[in-house]
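Here the structure comes first, spelled out in structure tokens, and everything after it is commentary.
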Amino acid sequence: MKLTVPILALSLLPFAALAADAPAVDVAVASEDGIRAFNAEEIPTYNIAADGTLDWPTFSGYRRYHAECHVCHGPDGEGSSYAPALKDSALRMDYYDFVGVVAAGRQKVGASENSVMPSFGTNPNVMCYLDDIYIYLRARGTDAVERGRPAKRADKSEAFAAAEAACMDG
């Protein structure tokens, strides 16, 4: 009987290693700039009220994702047979890598895969809302936002509207 415990413990080590490799995702709001919330590393994050009301940028991300990204990546960031689940990518990828891939595109060609992510760097409907799309996908990836249209959302602030107009007109 004494041998079974160490053998069982050893058999679980590979699973413990997998759990240890899972990225820690900091989504806690550390600051806000009047438009978006940011975590301690100043990476955009979602800010969902206790009653489930989404902040406007997260809701904006939902809208922009479904306008521009879901055709390939599936509804709600779930992925498709054509492209990966972005709700998972937003948790695994560094924010700046995510921005770089969306802006510049990426091509992976090999024996086991052939995928192309087009560049959206000149598309203001993506680039002006890229932080919003990113935080929506992180909210989906952490299960803070369920599938489907969010039931409650904050109103668009004047500061958000001004930043949006400046980006779209720029």
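The values are calculated or read from the model by the stated rules, or taken from the named source; none is laboratory data. Quick caveat: nothing in here was measured; it's all calculated off a predicted structure. Counting neighbours? That spans all protein chains shown, and the Cβs are built from the backbone with ideal geometry, glycine included. Quick note on the areas: whole protein, heavy atoms, side chains included, nothing else; ligands and nucleic acids left out. Shrake-Rupley method; radii C 1.70, N 1.55, O 1.52, S 1.80 Å.
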Note to self: I'd like the orientation of helix 158-169 relative to the chain: the angle between its Cα long axis and the longest Cα principal axis, in ° from 0 to 90, rounded to 10.
What the structure shows: 80
Check: For the chain, what is the percent of antiparallel DSSP beta bridges, rounded to the nearest 5?
Finding: 90
Notebook entry, point to check: Which peptide among 42-53, 97-108 comes first, and what is the full order, when sorted by highest mean count of other Cβ atoms within 10 Å?
Noted result: 42-53, 97-108
Notebook entry, point to check: If ligands, DNA and RNA are left out, what is the accessible area of ASP88 with a 1.4 Å probe, given in Å² to the nearest 10?
Noted result: 60
Margin query: With viscosity set to 1.002 mPa s at 20 °C, what whole-number translational diffusion coefficient in µm²/s follows for the range 84-170 from Stokes-Einstein and a Kirkwood radius over Cα pairs?
Written below: 145
Next item on the list: Treating cross-link reach as a plain straight distance, find the aspartates and glutamates whose alpha-carbon is under 16 Å from the alpha-carbon of LYS87, omitting any fewer than eight places away in the same chain.
Entry: ASP26, GLU68, ASP76, GLU78, ASP97, ASP131, ASP132, ASP143, GLU146
Item checked: Karplus 3J(HN,Hα) series, Hz, for the range 73-86 with 6.51 cos²θ - 1.76 cosθ + 1.60 (x for Gly, Pro) -> 8, x, x, 6, x, 7, x, 8, 6, 9, 8, x, 6, 6
Checklist line | Amide H within-cut-off set for ALA37, under 5 Å, with H built and near neighbours excluded | finding: THR45
Check: Tell me, what HN-Hα J-couplings in whole Hz come from the Karplus equation 6.51 cos²θ - 1.76 cosθ + 1.60 at θ = phi - 60° for each residue of the range 27-44, using x for Gly and Pro?
Finding: 10, 5, 6, 10, 7, 9, 10, x, 10, 10, 9, 9, 7, 4, 8, 6, 9, x
Next item on the list: Report the percentage of all Cα-Cα pairs in the chain whose separation exceeds 20 Å, rounded to a whole percent.
Entry: 57
Next item on the list: Give the accessible surface of the chain per residue, rounded to a whole number of Å², with probe radius 1.4 Å and ligands, DNA and RNA excluded.
Entry: 59
